[in-house]
Amino acid sequence: MKIQVVENVQKANDEIAADNRAELRARGVASFNLMGSPGCGKTAWLERTLDVLASEMTVGVLTGDLATTRDAERIEAHTPHVVQINTGRGCHLEAHQVRQGMRNLDLDALDLLVIENVGNLICPVSWDLGQEAKVGMFSVPEGADKPAKHPYIVLAADLVVLNKADLLPHVPFDMDAFLGDLASIRADVPVLEVSAVQGTGLEPWLDWVRALVETVKAPPEAAPLA
């Protein structure tokens, strides 16, 4: 019976995620789900990203946390199109929460929707939210062994980002081991070495985001959210 309950929950989530994806595509809005552990620098990296992209496109952000609106307050300084989703004890965002967040955004005004997931390397990986792509973020202070310990985020990701590269001269981090583990899990996954503090790796990242946006084209008309 427990297995059936889990299957039903996952099935319901996937159905809503499919609706989310169809709605975003219909409105010409590209989207990606940014996943990483607490403190890896997801919000800081988004701030860097929005500083540049604000002159090129309109970006909306759904930011997930257990509590507080602090990340949304930071993001709001860079785009007015932001919604905080608090999950309480929930360790990940689910498609129905993203759906609700979408209802609080003017999707017709957006070119890109970023879903900043709850800080966690495990739970968010298995839940489809309706995004076009998934980005997995690690950071140097977490240690080089994180891909080996958390292979499923690597398997799910369309892009892996290693943040806080500015700390490489100051903390023990075996880059060869990090890259070797990534390659052993999935040899074809693209990897970017970045620093939200210094802006390292920003242009390759922005090129990836721009290419994602170009994959989604809006039709003349789109139906409103149900």
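The values are calculated or read from the model by the stated rules, or taken from the named source; none is laboratory data. Note that this is a predicted model, so its numbers are computed, not measured. Don't worry about glycine lacking a Cβ; one is built from the backbone with ideal geometry, like all the others, and counts go over all protein chains shown.
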* Hey, among L179, L212, which residue is at pLDDT 95 or above, aliphatic (A, V, I, L, M), closer than 21 Å to A26 by Cα and surrounded by 14 or more Cβ atoms within 10 Å (Cβ to Cβ)? -> L212
* Structure fact -> Residue pairs within 8 Å by beta carbon, gap of at least six or interchain, first lying in segment 129-154 and closer than 15 Å to A183 by Cβ and at pLDDT 95 or above, second of a type in the set (D, E, K, R) and not in a helix (DSSP H, G or I), listed first then second, are A144/D174; V154/R186
* Could you identify the single residue in G90, G41 that is surrounded by fewer than 19 Cβ atoms within 10 Å (Cβ to Cβ) and within 26 Å of K146 (Cβ to Cβ)? => G90
* Structure fact -> Given (1) over 15 Å from the mean Cα position of the chain (by Cα); (2) among the polar types (S, T, N, Q); (3) under 19 Å from V161 (Cα atoms), T87 misses just (3)
* Does V171 satisfy the criteria of being buried (at least 18 other Cβ atoms within 10 Å of the Cβ) and either over 25 Å from G60 (Cα atoms) or modelled with pLDDT of 95 or more (or both)? -> no
* **Qualifying residue in segment 169-183 (condition: in contact with an Asp or Glu (Cβ under 9 Å, 6 or more places away or on another chain), aliphatic (A, V, I, L, M) and within 15 Å of G41 (Cβ to Cβ))** => no
* To do: State yes or no: is S195 among the hydroxyl-bearing types (S, T, Y), more than 19 Å from K164 (Cβ to Cβ) and modelled with pLDDT of 95 or more?
  => no
* Total residues in segment 139-184, condition touching a Cys at 6+ places or on another chain (Cβ under 7 Å) and among the charged types (D, E, K, R) -> 1
* To do: Please enumerate the residues belonging to segment 63-95 that are within 22 Å of L202 (Cβ to Cβ) and not in a loop (DSSP other than H, G, I, E, B).
  => T63, D71, R74, I75, E76, V82
* Asked: Considering only residues of segment 137-168 that are touching a Pro at 6+ places or on another chain (Cβ under 9 Å) and either among the acidic types (D, E) or assigned to a strand (DSSP E or B) (or both), which is surrounded by the fewest Cβ atoms within 10 Å (Cβ to Cβ)?
  -> D158
* To do: Quick one: which residue in V140, V135 is touching a Phe, Trp or Tyr at 6+ places or on another chain (Cβ under 7 Å), β-branched (V, I, T) and closer than 11 Å to M35 by Cα?
  => V135
* Out of segment 14-58, which residues are touching a strand residue (DSSP E or B) at 6+ places or on another chain (Cβ under 9 Å), hydroxyl-bearing (S, T, Y) and in a loop (DSSP other than H, G, I, E, B)? -> S37, T58
